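Colleague: Take a look at the following structure, please.
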Amino acid sequence: MSTSYLDRLEAKARGIAGDLLEKVYKAFSNGSPVDAPHYALRGILLDYDDVEEFVFTTKKRLKDEFYAGAYAVVGEFGTGKTQYGFFLKHALEGKDVKVLYRELKRLRTLAEIREEALDLVDKGYNVVVILDNVEAFMSQFEGENEERKAAGRIANLIELLSESPHRTEYGLRGVATIFLLHTDTYRLLQERDERLRRIREIKSLGKLKEPKKGGELALSVLAVLYAYEDAYRSAIRKCGDSLVKLLSDWGANLLDVKGSMGKGLLIKTCFNFFRRGLCGLGECPAEATKRGRVVEEFIAEVLEQDVMYVRTGNKVYSARIRRRRGAGPDLEIRLYRRGLPVSAPSLVLYGEVKSVKNSIKHCTSQLKKYASEKPLLLIALAEDVRPVEDEIGALEVEAPLAELVYPLPLIEPLTLLRDKEEGARMLRELLGRDLLSDIEWSAALLLASTKPKPAKVVDYRAPAQELIGAAKLRAERAKNVQLGRVVKKVEKGSKGKRVDGSRA
């Protein structure tokens, strides 16, 4: 029997307690690593076994090599280098070993590290120097010569501290140096000074690519919020398993949309989004059968009345999106050749918002019908994006159609917010671009590939003039009839009278 999402969330939340919870919450909120042992984060840590093995083998390696040597944890921004540095600091610190964790930001820091490390060696300790933020140090120096000098100073430090064990009155003692390096900086240092080629890579960290891992990490972030504050906890409990699944799926689809993300960036994005979402939670998620329609309404509402500019060739149209009521497409994109979009449009394109699971076959006849009337922009919201994109590509051959396809689970949580303007802002953030820009580009593509019929413009002046003319004619006739009656009456009254007015 599978465990519910809410049960899994509560199990993760129970593993975070006391001071650790405060530390994790603050670290997640500002996007920084958690300064804690790896085993303390076991409940919310991805690939715990991988971290455990790395810590164990690194500890053994340093001991076997008498703490003499230079090593590197290598990866891009946000992949977890600093987090691994904290794990090593907690794992290596012991009775006979001292760890100096330092950010390398200036030249003076090198001298301070040298003095502090050698002082500890003289006192009988093995020392591990963990150097972070080397990128900031190297960025101060411009030009190849300056970079060589800076790299040379780092190489001098390694030669002095880590080339071989130091003889002391307590016996041999060593200083190992572990760098936390961006991939580009690792290569740069080795290019600028041959001595730095002795730095051995002990861990290479990559970005997260599997949506499943994105969903699991999103669940961990939600567990921290759940454990930390009653307001978040009550909101999640009110909605139950459906909300937890919705937000977990959101993390998976965010990773899928971005292609890959650093673990730190994914945590920060999930944390900020969940916190804003839970604070503005308006209602429980809709039933599964209704969710697609709810999202369609949300997208249409977000887009309505938005003004944009469509450029095709040497023509520039101002455009406005309007919702249609009743049967037919959801939206009209009205294009205007001159000025603000307030008069009769020059051209009209249709827009249709469709939520689907993993196929659009059930609505292809409807889409063809709309596209036969006017060029159609399809905004598809799909649980599984790839097969839908393939099917739409085949449909484009038959109908004047352009498409924008987005993951449905990425947008569903936005429908829970009370503030629709906030939802619209968050939507644009999630897509990593302005939704209107996508529509502008798609509309321009439609105009370039088809020749839409001009919008039917009703000229009300001619009918109005005709009505006015008929009214004038009726008035003239009534006037003549009335005048004729008056003349007859006068003529009748004048019969039988003399010129002087007396009767005959």
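Colleague: Could you tally the net charge around Gly264, taking each other residue with its Cβ under 13 Å from the Cβ of Gly264, Lys/Arg +1 and Asp/Glu -1? Mind showing how you got there, number by number?
Modeller: Details: positive: Lys81, Lys207, Lys263, Lys268; negative: Glu76.
In short, +3.
Colleague: Using alpha carbons only, how many degrees (0 to 90, rounded to 10) separate the axis of helix 420-431 from the longest principal axis of the chain?
Modeller: The angle comes out at about 50 degrees.
Colleague: Highest first, please rank the peptides 3-11, 165-173, 63-71 by the mean number of other Cβ atoms sitting within 10 Å of their residues.
Modeller: Highest to lowest by the protection proxy: 63-71, 3-11, 165-173.
Colleague: Between the stretch 389-427 and the stretch 198-245, how far is it from one alpha carbon centroid to the other, in angstrom?
Modeller: So the two Cα centres are separated by 25 Å.
Colleague: Still on this structure, please answer the following. Would you check the stretch 49-135 for Lys pairs whose C-alpha atoms are within less than 28 Å, ignoring same-chain pairs closer than 8 in sequence, and give me the count?
Modeller: Step by step, the pairs that qualify in the stretch 49-135 add up to 26.
Colleague: What is the packing order of peptides 387-394, 479-486, 78-85, taking the mean over residues of other C-beta atoms within 10 Å and listing the highest first? Display every interim value, and only then the final one.
Modeller: Details: 387-394: 15.5, 479-486: 10.0, 78-85: 22.8.
In decreasing order of mean packing, 387-394, 479-486, 78-85 become 78-85, 387-394, 479-486.
Colleague: Okay, moving on. Non-local amide H neighbours of Arg324 (under 5 Å, H modeled in plane, Pro and chain starts lacking H): which ones?
Modeller: Hits under the 5 Å cutoff: Leu331, Glu332.
Colleague: Based on the alpha-carbon gyration tensor of the stretch 276-393 and its eigenvalue square roots a ≥ b ≥ c, which shape applies: rounded if a/c is under 1.5, prolate if not and a/b is larger than b/c, or oblate?
Modeller: Working: a/c = 2.14, a/b = 1.38, b/c = 1.55.
Here the stretch 276-393 falls in the oblate category.
Colleague: Enter the per residue convex hull volume of the stretch 7-140, computed from alpha-carbon coordinates, in Å³ rounded to the nearest integer. Could the numbers behind the result be given before it?
Modeller: On the way: hull volume 18.0 nm³, N = 134.
Enclosed volume per residue, from the Cα hull, is 134 Å³.
Colleague: Please compute the contact order of the stretch 97-178 in relative form: average sequence separation of alpha-carbon pairs under 8 Å and at least six residues apart, divided by the residue count, as a percent. Show your work: numbers first, answer last.
Modeller: Values: 110 pairs, mean separation 30.3, N = 82.
That works out to 37 percent.
Colleague: For Cα extents along the principal axes in Å, one of [x] 75, 51, 42; [y] 164, 61, 52; [z] 85, 55, 47 was computed from the structure I shared and the rest are decoys. Which label?
Modeller: [y]
Colleague: Something else about it: Which far-off residues, 5 or more places away or on another chain, put their amide H under 5 Å from the one on Leu417, with H placed in the peptide plane?
Modeller: For Leu417, whose amide H was placed from the backbone, the distant partners under 5 Å are Gly282.
Colleague: Provide Ser359, Ser139, Ser162 ordered by accessible surface of protein heavy atoms (probe 1.4 Å), highest first.
Modeller: Numbers: Ser359 30, Ser139 85, Ser162 5 Å².
Of Ser359, Ser139, Ser162, the descending order of accessible area is Ser139, Ser359, Ser162.
Colleague: For the stretch 196-203, in order, what is each residue's ³J(HN,Hα) by Karplus, 6.51 cos²θ - 1.76 cosθ + 1.60 with θ = phi - 60°, in whole Hz (x at glycine and Pro)?
Modeller: Coupling constants for the stretch 196-203: 7, 6, 7, 5, 9, 6, 9, 7 Hz.
Colleague: Tell me, what is the FRET efficiency for Asp241 and Val397 to the nearest 0.05, using R0 = 41 angstrom and their Cβ-Cβ distance as r?
Modeller: Details: r = 43 Å, r/R0 = 1.04.
E(calc), rounded to 0.05, equals 0.45.
Colleague: Run the helix sum for the chain: -39,500 (n - 2.57) per DSSP H stretch of 4+ residues, divided by residue count, reported at 222 nm to the nearest 500 deg cm²/dmol.
Modeller: Values: 19 runs with 268 residues, N = 504.
After summing the helix terms and dividing by residue count, I get -17000 deg cm²/dmol.
Colleague: Counting heavy atoms of the protein chains only and a 1.4 Å probe, report the per residue accessible area for the stretch 78-131 as a whole number of Å².
Modeller: Details: 2310 Å² over 54 residues.
In whole numbers, the stretch 78-131 has 43 Å² accessible per residue.
Colleague: Just name one of Ala344, Gly292, Leu265: the one whose Cα is farthest towards the positive end of the charge dipole of the chain (beta-carbon charges, Lys/Arg +1, Asp/Glu -1).
Modeller: Result: Ala344.
Colleague: What is the gain in length, in nm to one decimal, between Glu146 and Thr183 on full extension, counting 0.36 nm per residue of separation less the C-alpha to C-alpha distance? Don't jump to the answer; show the numbers that get you there.
Modeller: Numbers: separation 37, 0.36 × 37 = 13.32 nm, distance 2.01 nm.
Difference between extended and current length: 11.3 nm.
Colleague: Right, another one. Less than 11 Å from a label point 7 Å out along the Cα-to-Cβ axis of Arg324: which backbone N atoms in the stretch 368-395 qualify, by residue?
Modeller: 369-377
Colleague: While we're here: Lysines near Lys368 by alpha-carbon distance under 20 Å, same-chain residues fewer than 8 away left out - which ones?
Modeller: Lys354, Lys357, Lys451, Lys453
Colleague: When DSSP assigns beta bridges and you keep just the ones with both residues in the stretch 335-398, what percent turn out antiparallel, to the nearest 5? Don't skip to the end; give the middle numbers.
Modeller: Values: 1 of 8 bridges.
Once the DSSP bridges in the stretch 335-398 are tallied, antiparallel ones form about 10 percent.
Colleague: At each listed q (0.26 Å⁻¹), what is the log10 of I(q)/I(0) that the Debye formula gives for the stretch 375-425 modelled as equal alpha-carbon point scatterers?
Modeller: For the requested q values the scattering log ratios are -0.93.
Colleague: Label points 7 Å out from Cα along the Cβ direction at Leu20 and Arg108: separation in nm?
Modeller: 3.8
Colleague: Between Glu287 and Ala344, what is the label-to-label distance in nm when each label sits 7 Å out along the Cα-to-Cβ direction?
Modeller: 4.7
Colleague: What residue among Ala443, Leu110, Tyr25 has its Cα farthest toward the positive end of the dipole of the chain, where the charges are +1 on Lys, Arg and -1 on Asp, Glu, each on the Cβ?
Modeller: Ala443
Colleague: Any idea how far apart Lys369 and Tyr170 come out in nm if each label point goes 7 Å out from Cα toward Cβ?
Modeller: With each label point 7 Å from Cα toward Cβ, the separation is 8.5 nm.
Colleague: Which far-off residues, 5 or more places away or on another chain, put their amide H under 5 Å from the one on Val356, with H placed in the peptide plane?
Modeller: Leu381, Ala382, Glu383
Colleague: Going by the alpha-carbon gyration tensor, a ≥ b ≥ c the square roots of its eigenvalues, is the stretch 132-197 rounded (a/c under 1.5) or, if a/c is not under 1.5, prolate (a/b greater than b/c) versus oblate? Spell out each step's value before the answer.
Modeller: Working: a/c = 2.76, a/b = 2.21, b/c = 1.25.
Note, shape of the stretch 132-197 comes out prolate.
Colleague: Let me ask something additional. Residues in the stretch 283-327 near a label at Glu422, defined as backbone nitrogen under 13 Å from the 7 Å Cα→Cβ point?
Modeller: Those under the cut-off are 283.
Colleague: Any idea what log10 I(q)/I(0) is at q = 0.14, 0.17, 0.21 Å⁻¹ for the stretch 101-212, Debye with uniform C-alpha scatterers and no solvent?
Modeller: Here log10 of I(q) over I(0) equals -0.60, -0.83, -1.16.
Colleague: Normalising by the residue count of the chain, find the relative contact order in percent from Cα pairs under 8 Å and 6+ residues apart. Before the final figure, lay out the partial values.
Modeller: Details: 783 pairs, mean separation 65.1, N = 504.
Relative CO of the chain lands at 13 percent.
The values are calculated or read from the model by the stated rules, or taken from the named source; none is laboratory data. This one's a predicted model, so the numbers in the text were calculated from it and none came from an experiment. Positions of Cβ are backbone-derived with ideal geometry, glycine not excepted, and every protein chain shown enters the neighbour counts. For the accessible areas, the whole protein counts, side chains as well, though only heavy atoms, and no ligand, DNA or RNA atoms are used. Shrake-Rupley method; radii C 1.70, N 1.55, O 1.52, S 1.80 Å.
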